[in-house]
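As structure tokens, the structure follows; a few thoughts come after it.
The values are calculated or read from the model by the stated rules, or taken from the named source; none is laboratory data. Note that this is a predicted model, so its numbers are computed, not measured. With ideal geometry, Cβ positions are generated from the backbone for all residues, glycine too; neighbour counts draw on all protein chains shown.
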Amino acid sequence: MILPGRHICTRCSRAPSHQWVQLISLAILLLATIGNSVAGLYLLPRLSAAHPSVLFFRAWLWADRETALHGWMLLAGALLLWEFFVWRKMRRAKPVTKIKGWVSRKILAFVLAAGFAPILPWWIPASQPSEKVLGALSQHPGLPFAISWGGVLIVAVVLCVKAETRDCLLGRGKALSLISLAALTLFLLLTMIGWSLS
């Protein structure tokens, strides 16, 4: 029997297997992400320059860069939708502290607002940032994206600290394992296609 406060079985003193499945699935997803990042940083620019007529390398490099720059928007939106539709129903069924949900909503809303603020035209009164802030951001072009990814990472860590929200967010591990294996298979498939084209 696994009690809500303890993460091990009271009879056999073992951890539940679904948490191991979640951990291994996240490790496989991290491995696929690191492999894709290394390929995008070191191999794809050289291969797209060496083979300019092959669209495959340029398309893969473009997809990597756009995902690195704007992928946090999808994750932030997905976390906000998850909190609104799924976690709110669970909170109604069982009263829990609301500070974690409040913090995660505020951080994600701030990150999304900061990400969409440069897109707004100058004549919309959305309190554009000062010239000092814009000057600092122009000196470090990757800083806004790093701040945005950092905000999404903080929210994901805050949500995954407690076992109940982690299990609700990641599931029992079956869908996550399928997604992580699909990501690793896609990376390996792209690598094999790129290897055959070069």
- Message: Quick check on my filter: what residues within region 39-54 are more than 13 Å from L190 (Cβ to Cβ) and assigned to a helix (DSSP H, G or I)?
- Response: L41, Y42, P45, R46, S48, A49, A50
- Flag if S138 is over 29 Å from Q19 (Cβ atoms), assigned to a loop (DSSP other than H, G, I, E, B) and either among the hydroxyl-bearing types (S, T, Y) or modelled with pLDDT of 80 or more (or both): no
- Task: Give the residues of region 114-132 that are assigned to a helix (DSSP H, G or I) and either modelled with pLDDT of 70 or more or surrounded by fewer than 11 Cβ atoms within 10 Å (Cβ to Cβ) (or both), sorted by residue number.
- Result: I119, E131, K132
- Query: Pairs under 7 Å by beta carbon, first residue farther than 18 Å from A63 by Cα in region 18-43, partner outside any helix (DSSP H, G or I), six or more apart or different chains?
  - Reply: H18/R172; H18/G173; V21/G173; Q22/G173; S25/G173
- Task: Kindly establish whether S13 is at pLDDT below 90, assigned to a loop (DSSP other than H, G, I, E, B) and under 15 Å from G194 (Cβ atoms).
- Result: no
- Query: How do the pairs read when you match residues in region 77-96 that are in a helix (DSSP H, G or I) with residues anywhere that are at pLDDT below 70, using Cβ under 7 Å and keeping only pairs 6 or more apart or on different chains?
  - Reply: E83/G101; W87/G101
- Message: Tell me whether region 169-188 contains one or more residues that are closer than 26 Å to A32 by Cβ, in contact with a Lys or Arg (Cβ under 9 Å, 6 or more places away or on another chain) and at pLDDT 75 or above.
- Response: no
